[in-house]
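The values are calculated or read from the model by the stated rules, or taken from the named source; none is laboratory data. Predicted, not measured: the structure shown is a model, and the values here were computed from it. Cβ sites come from the backbone with ideal geometry, for glycine too, and all protein chains shown count toward neighbours.
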Amino acid sequence: DTGVSQNPRHKITKRGQNVTFRCDPISEHNRLYWYRQTLGQGPEFLTYFQNEAQLEKSRLLSDRFSAERPKGSFSTLEIQRTEQGDSAMYLCASSLLAMDTQYFGPGTRLTVL
Amino acid sequence: ELKVEQNPLFLSMQEGKNYTIYCNYSTTSDRLYWYRQDPGKSLESLFVLLSNGAVKQEGRLMASLDTKARLSTLHITAAVHDLSATYFCAVGPLDSNYQLIWGAGTKLIIKP
């Protein structure tokens, strides 16, 4: 296994458009996390899955954001009606157990024009 | 609300010198992580510290945890240019077994 992968790596979109990102975790990891990181800041937690169940969503995650993990494997994060403030790096991480180290993917950099 | 503060936020140093990065957090926690991030890249796990007094070392980096003082340190010994990166600490709240609260990061530049 080569680690956590994310696609696309870069996305440029116009304000108001919808975007979807994909994350493929390490294969045996049943826990998956989404974070958002802006320049000069640490990651901010967005949401968490254990298998296919979404167990927690940050209050940062507005109604325009939705995440799924339909079969407990890959996950998607969709942002509807993008705003310029959504421009950030979106990071996905996975872990085997609850308090294990989280292993991060390369991220998807979103730019909203 | 759990807050995590790192200092310094920026550090420029010469090769061969020693220095320490500090990570303070505001409430009780049972785990602390250190990560490294190179420019434009993702986060690489360095250390996991799970108990008071825990000390871990890898090469020129050593991390320690004092849960009573709510403080972790990342010590760099005889720095080399390849250690230039941004270092983050992340703390797990006691009331969550998955959420991490992150510091703002320490940008470390090591000059040859």
A:Glu28, sole failed condition from (1) surrounded by 15 or more Cβ atoms within 10 Å (Cβ to Cβ); (2) part of a loop (DSSP other than H, G, I, E, B): (1)
Residue satisfying all of: in the stretch A:1-25; in a loop (DSSP other than H, G, I, E, B) and of a type in the set (D, E, K, R); surrounded by the fewest Cβ atoms within 10 Å (Cβ to Cβ) among these: A:Lys14
Residue, farthest from the other protein chains (Cβ to nearest Cβ), within the stretch B:46-82, restricted to residues that are out of contact with any Leu (no Cβ under 8 Å at 6 or more places or on another chain) and at positive phi: B:Ala78
Checking B:Met13 against (1) modelled with pLDDT under 95; (2) under 20 Å from B:Pro93 (Cβ atoms), the condition it does not meet: (2)
Out of B:Ala90, B:Ala85, sole residue that is within 19 Å of A:Gln41 (Cβ to Cβ), within 13 Å of chain A (Cβ to nearest Cβ) and either touching a residue at least 24 places away in the same chain (Cβ under 8 Å) or of a type outside the set (Gly, Ala, Ser) (or both): B:Ala90
Residues that are among the aromatic types (Phe, Trp, Tyr) and either more than 28 Å from A:Pro106 (Cβ to Cβ) or away from chain A (no Cβ under 14 Å) (or both), drawn from the stretch B:6-43: B:Tyr19, B:Tyr22
Condition met for B:Leu71 (within 12 Å of the chain's Cα centre (by Cα) and not charged (D, E, K, R)): yes
Test: residue in the stretch B:99-107 that is among the aliphatic types (A, V, I, L, M), assigned to a loop (DSSP other than H, G, I, E, B) and either within 14 Å of chain A (Cβ to nearest Cβ) or under 16 Å from B:Asp38 (Cβ atoms) (or both): yes
Of residues in the stretch A:39-68 being away from chain B (no Cβ under 14 Å) and outside any strand (DSSP E or B), the one nearest to A:Ser94 (Cα to Cα): A:Glu52
Residue in the stretch A:69-88 that is nearest to the other protein chains (Cβ to nearest Cβ), counting only those that are closer than 24 Å to A:His29 by Cβ and surrounded by fewer than 18 Cβ atoms within 10 Å (Cβ to Cβ): A:Gly72
Matching residues, the stretch B:93-112, being surrounded by fewer than 19 Cβ atoms within 10 Å (Cβ to Cβ) and free of Cβ contacts under 8 Å to residues at least 24 places away in the same chain: B:Asp95, B:Ser96, B:Asn97, B:Gln99
Sole residue being of a type in the set (A, V, I, L, M, F, W, C) and in contact with a Gly (Cβ under 6 Å, 6 or more places away or on another chain), chosen from B:Ala104, B:Ala85, B:Ala79: B:Ala104
Filter pass, A:Ser58 being surrounded by fewer than 18 Cβ atoms within 10 Å (Cβ to Cβ), touching a residue at least 12 places away in the same chain (Cβ under 8 Å) and either among the small types (Gly, Ala, Ser) or closer than 23 Å to B:Lys41 by Cβ (or both): yes
Of the criteria (1) assigned to a strand (DSSP E or B); (2) within 30 Å of A:Glu56 (Cα to Cα); (3) not β-branched (Val, Ile, Thr), which one B:Ser96 fails: (1)
